[in-house]
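What follows draws every value from the coordinates through simple rules; no lab data is involved. Here the structure is a predicted model, which means the values were calculated and not measured. So basically every Cβ, Gly included, is an ideal-geometry build from the backbone, and we count neighbours across all protein chains shown.
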Amino acid sequence: MQMLKHKTASAFAFKRAAGYLLGFALLYAPFELYRRFLEYVLDVQPAFLPHAFCPRIPTAEIFTGGFWDLNTVMLASTLIFWLLCLFLGPFFCGRLCAAGYFTEALSKLLPDKYKIEWEKYVPVAYIRYGMLLCYMLLPLWYGFYPCAYCNFYFFDSLVSVFFGAAFSFTVPLALSGALYMLLFGLFTKGGRGYCRFLCPQGDMQSLFFIIGAKLHLANKIQIDDNACIKCRLCVKNCPMRAMSFKNGQIHNDISLCIKCGVCQHDCPRSAITTGGSRL
C-alpha cells in the first residue's frame, strides 16, 4: 500500500514537472517554441520572449488608453489568453508557469518552521488585488516601467545567465529578484508568495476565473463534505494557500486557487474534484 502511494505521488510530481517544463520550453531560451511557431509558421516577428506573450504589459495599459495600440502579437496573445481563463481558470499558473513553479520548488529546501504563513498576519486577497489596482493606475504617471519588478523577466535573466549570456541586473530588478526568490519564495509557505501578492498576470487570470465561474463557464474546486475526513492535508500542501479549514469544514478560495491539482492528489478520500471531474 505504501509503495503504491509512493508510485502515485511520483507520477503526479512527474506530471506537474512535465507541464512546467513545457511552459519553460514554450517561452524561454534556448527553446522558445512559441516564438518559433509565430516566426516560422505564422511568419510574424515577435519581440524576444517571454515578453512577446506577456499579458503584464497590456494589463498596465488598460487605464492609459494604450491597450489597443500595442503590437498585434502581444494584443492577440493576451486576449486569447484571457478568453481561455474564462473557461479554464488560471491554467497557466497552475500548469505551465515555470517562474512560479521555480519558487515553489525552492521553498521545499527549507523546513516549514522557518517559513512565513502570510495569512496569519495580513489579508492576502485584499493586498493581492490592491496591488493589481496600483499596478494598473501607476502607468498614468510618467516613469513606471512594468518590467522593472517582473518575476518573468528576472527568471528569464537567470536562465540566460545559466546558458552563458551576459546580463546586467538593474537595482529594481535585483530587489524584485530578492523578494521573488527569498522572502516570497524560500521563506514563504508554499513558495508562491510573489504569485499571491505581486503578479498582475496571475491576478488577471484569477479575475477571469471568478467571472467564468459566476457565468458557469469554468469549474471551481468542489469538496464533498460527506467524503472529507478533515485531515487537512490539502490545507497544509496547497502552494497558493487557497485551502483553509473554518467552522469544521474545508474551504477553497477561488480568488487564490490556481487549480494545480495538489489538493485533489493529496486527498486520501478523493473528496476534491472540479465540476465532478478530476483535476
Relative contact order [Cα under 8 Å, 6+ residues apart], segment 220-279, whole percent | 43 percent
Answer in debye to the nearest 20: the dipole magnitude of segment 155-279 about its Cα centre, from +1 Lys/Arg and -1 Asp/Glu charges placed on Cβ, is 380 debye
Asserting the computed 222 nm helical MRE of the chain (DSSP H runs at least 4 long, -39500 (n - 2.57) per run, divided by residue count, to nearest 500) equals -13500 deg cm²/dmol
FRET efficiency for Leu42 and Ile116, using Cβ-Cβ distance with R0 set to 35 Å, rounded to 0.05 = 0.20
Mind computing the radius of gyration and Dmax over the alpha-carbon atoms of the chain? Å is fine for both.
-> 19.0, 61
Using packing as a proxy for protection, rank 207-217, 106-116, 192-202 so that the peptide with the highest average count of other Cβ atoms within 10 Å comes first.
-> 192-202, 207-217, 106-116
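Between the DSSP loop rule and a limit of at most 11 other Cβ atoms within 10 Å, which GluC sites (Glu not before Pro) in segment 58-119 are left? Before the final figure, lay out the partial values.
Working: sites: Glu61, Glu104, Glu117, Glu119; in loops: Glu61, Glu117.
Listed in order of number, the matching sites are Glu117.
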Mean Cα-pair separation over length for segment 120-279, i.e. relative contact order, pairs under 8 Å, 6 or more apart, % = 20 percent
Peptides 87-99, 8-20: what's the order by average Cβ count within 10 Å, highest mean first?
-> 87-99, 8-20
For the chain: relative contact order, % (alpha-carbon pairs under 8 angstrom, 6 or more apart) = 21 percent
About the Cα centre of segment 13-218, what is the dipole size in debye to 20, counting +1 per Lys and Arg Cβ and -1 per Asp and Glu Cβ, all else neutral?
-> 720 debye
Provide, for segment 13-218, the number of lysine pairs with alpha carbons under 21 Å apart, each pair being eight or more places apart or on different chains.
-> 6
Segment 199-247 shape via C-alpha gyration tensor axes, a/c threshold 1.5 | oblate
Amide proton proximity set for Thr274, modelled H, under 5 Å, gap of 5+ = Gln222, Leu279
Net charge near Trp82, counting Lys/Arg +1 and Asp/Glu -1 over other residues with Cβ under 15 Å of its Cβ?
-> -1
